[in-house]
Amino acid sequence: MPWHKTDHVSEREHFLKAWLTGRHSMTALCSAFGISRKTGHKWVYRLKMEGMTDLSDRSRARHQQTHQTPESITQTLINTKFAFPDWGPRKVVAYLRNTQPDLSWPAHSTVSEIFARQGLVKHRGNPRYKSPARTAPLSHASEPNRVWSVDFKGDFLLGNQKRCYPLTVFDNYSRYLLDCKGLYSTRTAPVIAAFERLFYDYGLPDYLRSDNGSPFASTRIGGLSQFSLWLLKRGVMPERIRPGRPQENGRHERFHRSLKAAVCKPPKGDLSAQQRAFNHYQFSYNNYRPHEALNDTPPAQHYTRSPRIYTGEEQEFHYPDHYVIRKVRSDGNMKWKQLPIYVANLLAGEYIGLEPIDDGCWMTYVSTLKLGILDERQKRIIRPGQ
């Protein structure tokens, strides 16, 4: 069939006129014109519906943008993003659905497009390290104040050239940010002062989870530090992640990245100004910011104060009846079968408990914290892993 193609319109006219003759099958016609059978049927349908009045290409866009986001909704989305610049589309939508449930809010993908058009999207790329959501071994955070976690975000230089060390404390169950305190160092005394204030305000947790850095732990037996001993004397069990396993405190790691982006870049002029920024972020984080693990609700809706009231008094260590009790002397030794066994100078004056576990072997405790195994044959306390 010697048809010659000119432009698209005339080609379609030739195709339809040939089809109207009834001499050719659809397959043969489509093959001759170099089009698919689907396209051929489309043009025949158009002929039946509209005739040959308009065979030009038509826009594939919708005639009416029925799902176009209203201007008022778009502006509210943008205003919310400006109010919480570290939030992504998901958190913005979740927040607005929580606070204004009577309005119809678009999907996250639509909001992402709106933010992109306004230049409000930051492209993060592929981070070299991302903490997974795993929180093992602390799967026992089954209610508020069962487990708190503590960490220092990496220090940074303030405008006055002094260094700031942000101390952050979370309730692991509710994700409630209990404290975000700017300190000048990681020394023990200001950390204890910060926790004493927290205990008075919120009561006592059962466990406090940390890494193995100072002042939370040390290289002493059992990883014991002045701070962890202070916790034990107040009925709080220190619990540490494994060395070199920051993913076991993944929630805290991810929070520090968000905190740094929101209020530490650029840093404030001095510690007072920086603390005001921390306080504002803490309030917003707890009361407004939707959390995915909490069904897109803020942490404040899930946290309640601990029933364990803090009085400031030290507690005595009590041990089961089958334990052997020994007092640590001023030189850090205890007396065991007429021999001195070194424990730790830090425990001078404290009573420790020894539980029989094998012939000549005793598990050694201060309160409920394991220090190591006393091996009578070696006449020393062996640390785990030795």
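Over region 142-184, accessible surface divided per residue gives 35 Å², non-protein components excluded, 1.4 Å probe. Rolling a 1.4 Å probe over the protein heavy atoms gives region 267-386 an accessible area of 58 Å² per residue.
Within the straight-line cut-off of under 26 Å between alpha carbons, the lysines reachable from Lys335 are Lys233, Lys327, Lys370, Lys379, sequence neighbours fewer than 8 places apart in one chain being disregarded. Here the accessible area of region 304-386 is 50 percent carbon and sulfur, with a 1.4 angstrom probe and all protein chains present.
The stretch between Glu71 and Leu294 holds 77.2 nm of extra length on full extension. This uses 0.36 nm per residue minus the Cα-Cα distance.
Of the trypsin sites (Lys or Arg not before Pro) found in region 259-350, those in coil by DSSP whose Cβ has at most 16 other Cβ atoms within 10 Å are Arg305, Arg308, Arg329, Lys337.
The residues of region 198-239 present an accessible area of 30 Å² per residue when probed at 1.4 Å with all protein chains retained.
Take every Cα-Cα pair in region 159-281 and report what % of them are more than 26 Å apart.
Considering region 159-281, 21 percent of its Cα-Cα pairs are separated by more than 26 Å.
Apolar share of the accessible surface for region 152-252: 47 percent from carbon plus sulfur atoms, 1.4 Å probe. The distance between label points at Phe82 and Val44 comes to 5.8 nm (points 7 Å beyond Cα on the Cα→Cβ vector). Is the C-alpha gyration tensor of region 277-386 telling us rounded, prolate or oblate? Criteria: a/c under 1.5 is rounded; beyond that, a/b larger than b/c is prolate, otherwise oblate. Cα axes put region 277-386 in the prolate bin. The simple Förster model, with R0 at 30 Å and r as the Cβ-Cβ distance, assigns Asp375 and His318 a FRET efficiency of 0.75.
Where a Cα-Cα gap under 29 Å defines reach, which lysines qualify for Lys48, not counting those fewer than 8 residues away within the same chain? In chain and number order, the partners are Lys5, Lys17, Lys38.
The values are calculated or read from the model by the stated rules, or taken from the named source; none is laboratory data. Just so it is clear, the structure is predicted and the values come from calculations on it, not from any experiment. Every residue, glycine as well, gets a Cβ built from its backbone with ideal geometry; the counts of neighbours run over all protein chains shown. For the accessible areas, the whole protein counts, side chains as well, though only heavy atoms, and no ligand, DNA or RNA atoms are used. Shrake-Rupley method; radii C 1.70, N 1.55, O 1.52, S 1.80 Å.
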